[in-house]
Amino acid sequence: MTLHIAVLVVLLGLFFVLPAYHVGAFSRIMVLAIYAMGYNLLFGYTGLLSLGHAMFFAAGMYGFGLTVNLFGFSVAPAFLTGIIAAAALALIVGYLALRTAGVAFMIVTLMFAQTVYLVILYFGEYTRGDEGFVVQQAQRSFAGIDLTGETERYFAALILFAICFLAVAKLVQMPFGKRLVAIRENEERARMLGYDAAKLKLHALIISGAVSGIAGATYGLLFGYVGASFSTVQYSIFPLLWVLLGGAGTTIGPLIGVIFMFYLIDISSGYTDAYLLIAGVALVLLTLFAPLGLVGTLRKRAFPWLP
């Protein structure tokens, strides 16, 4: 846990030394890292490859945004609604999708995500479809603090990231986390040891969905935009890439993966329109030479104490 605290201290210190542009970038990175952490809990620790995780991110985002815009909720209850919406959706999806395994599970989660995307478009009268909608500045204040300012946004992102970061780190160290790893490594053997694999996987999916929903609600709160683009396949692929780059099954890997991919795309887009090709090449090279991801490879080769 000492390393996790050190990471948070570094993120706190970065606010005071980075230029304004990078402070804004790290606000976004920390929110997306929460999303990656939620995905990592399901993929990295439980071994379930989902291609539809954007639906949970979108559920949190729309749960927050719609309750604020349509019902006039304040930030706290709207944020809680977003988390509940994501967790409830994860429960429904898990109850049905976990009847399958392997490639079938990937396809089913992708189908559910596409359904959510189409539902958002169908109810465009409320969701504004592809165009999305803006959460007004006056609606984004908590306890008298205006979260639209760069400083307030950074520290709000840091606080929420810290809560999720430490909670997930603690969770995977608990017996529950160890059981998830046992399922990932050998599900049949885990069943022979008396673990209820189906129940554990459902719980993992619900927690993963809720954490992803926190990221979605946080994005809507801090950046003031809610749109259907966040429920597309692209946003289901992103967390998979972040986790693979950083290191699946590591607690700090998702953050490293998001930072790496964010700045790779940001820098390469300044030189070429084919920046996604550069990102793809980098992913292929990492897969060839660091198949466990950046943190996973460092842990295997030099620093076995990395979490």
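The values are calculated or read from the model by the stated rules, or taken from the named source; none is laboratory data. Computed from a prediction, not measured in an experiment: that's the story for all the values here. Here the Cβ is made from the backbone with ideal geometry for all residues, glycine too, and neighbour counts use every protein chain on show.
Between a residue in the range 268-293 that is outside any helix (DSSP H, G or I) and any residue that is not basic (K, R), which pairs come within a Cβ distance under 8 Å, given they are 6 or more apart or on different chains?
S269/Y275; T272/I278; A290/G296; A290/T297; P291/T297; L292/G247; L292/A248
Exactly one condition in (1) within 20 Å of A76 (Cβ to Cβ); (2) charged (D, E, K, R); (3) surrounded by fewer than 20 Cβ atoms within 10 Å (Cβ to Cβ) is false for R153; which is it?
Evaluating R153 over (1) within 20 Å of A76 (Cβ to Cβ); (2) charged (D, E, K, R); (3) surrounded by fewer than 20 Cβ atoms within 10 Å (Cβ to Cβ) leaves (3) as the failure.
Under the condition of being surrounded by 11 or more Cβ atoms within 10 Å (Cβ to Cβ), polar (S, T, N, Q) and over 30 Å from M1 (Cα atoms), which residue from the range 259-307 is modelled with the lowest pLDDT?
S269
If you check every pair at least six apart or on different chains, which have Cβ atoms under 9 Å apart with a residue in the range 1-25 that is of a type in the set (F, W, Y) first and a residue that is surrounded by fewer than 15 Cβ atoms within 10 Å (Cβ to Cβ) second?
Final answer for the pair search is F15/T151.
Please determine, by comparing only the residues of the range 50-78 that are closer than 13 Å to V226 by Cβ, of a type outside the set (S, T, Y) and out of contact with any strand residue (DSSP E or B) (no Cβ under 8 Å at 6 or more places or on another chain), which one is surrounded by the fewest Cβ atoms within 10 Å (Cβ to Cβ).
Residue satisfying both the conditions and the ranking: L70.
Taking the stated definitions as given, is Q114 over 30 Å from G253 (Cβ atoms) and out of contact with any Gly (no Cβ under 6 Å at 6 or more places or on another chain)?
No.
Pairs under 7 Å by beta carbon, first residue within 9 Å of N40 (Cα to Cα) in the range 238-256, partner among the basic types (K, R), six or more apart or different chains?
Between residues of the range 238-256 that are within 9 Å of N40 (Cα to Cα) and residues that are among the basic types (K, R), the close pairs are T250/R299.
For I84, are the conditions met, namely being more than 18 Å from Y235 (Cβ to Cβ), under 17 Å from the mean Cα position of the chain (by Cα) and not small (G, A, S)?
The answer is yes for I84.
Does L89 satisfy the condition of being under 16 Å from the mean Cα position of the chain (by Cα) and closer than 19 Å to L49 by Cα?
yes
Going through the range 169-194 one residue at a time, which ones are hydrophobic (A, V, I, L, M, F, W, C), within 26 Å of L306 (Cβ to Cβ) and without any contact (Cβ under 8 Å) to a residue 60 or more places away in the chain?
M174, F176, A182, A190
Select, from S268, S236, the only residue that is of a type in the set (S, T, N, Q) and over 20 Å from A54 (Cα atoms). Walk me through it before giving the result.
Numbers: S236 fails: over 20 Å from A54 (Cα atoms).
Exactly one of S268, S236 is of a type in the set (S, T, N, Q) and over 20 Å from A54 (Cα atoms), namely S268.
Select from the range 96-112 the residues that are among the small types (G, A, S) and in contact with a Phe, Trp or Tyr (Cβ under 9 Å, 6 or more places away or on another chain) and list them in ascending order.
A97
Do you know which residues across the range 220-246 are of a type outside the set (G, A, S) and either outside any helix (DSSP H, G or I) or modelled with pLDDT of 95 or more (or both)?
Y225, V226, T232, V233
Does S141 qualify as being surrounded by 14 or more Cβ atoms within 10 Å (Cβ to Cβ), farther than 30 Å from L49 by Cβ and of a type in the set (S, T, Y)?
In short, yes.
Determine which member of the set E131, E125 is charged (D, E, K, R), surrounded by fewer than 14 Cβ atoms within 10 Å (Cβ to Cβ) and free of Cβ contacts under 8 Å to residues at least 40 places away in the same chain.
Numbers: E131 fails: free of Cβ contacts under 8 Å to residues at least 40 places away in the same chain.
After applying the criteria, what remains is E125.
Return only the number of the condition from (1) within 26 Å of V75 (Cβ to Cβ); (2) surrounded by fewer than 21 Cβ atoms within 10 Å (Cβ to Cβ) that A169 does not satisfy.
Checking A169 against (1) within 26 Å of V75 (Cβ to Cβ); (2) surrounded by fewer than 21 Cβ atoms within 10 Å (Cβ to Cβ), the one that fails is (1).
Residues in the range 177-209 that are buried (at least 20 other Cβ atoms within 10 Å of the Cβ) and either among the polar types (S, T, N, Q) or part of a loop (DSSP other than H, G, I, E, B) (or both): how many?
1
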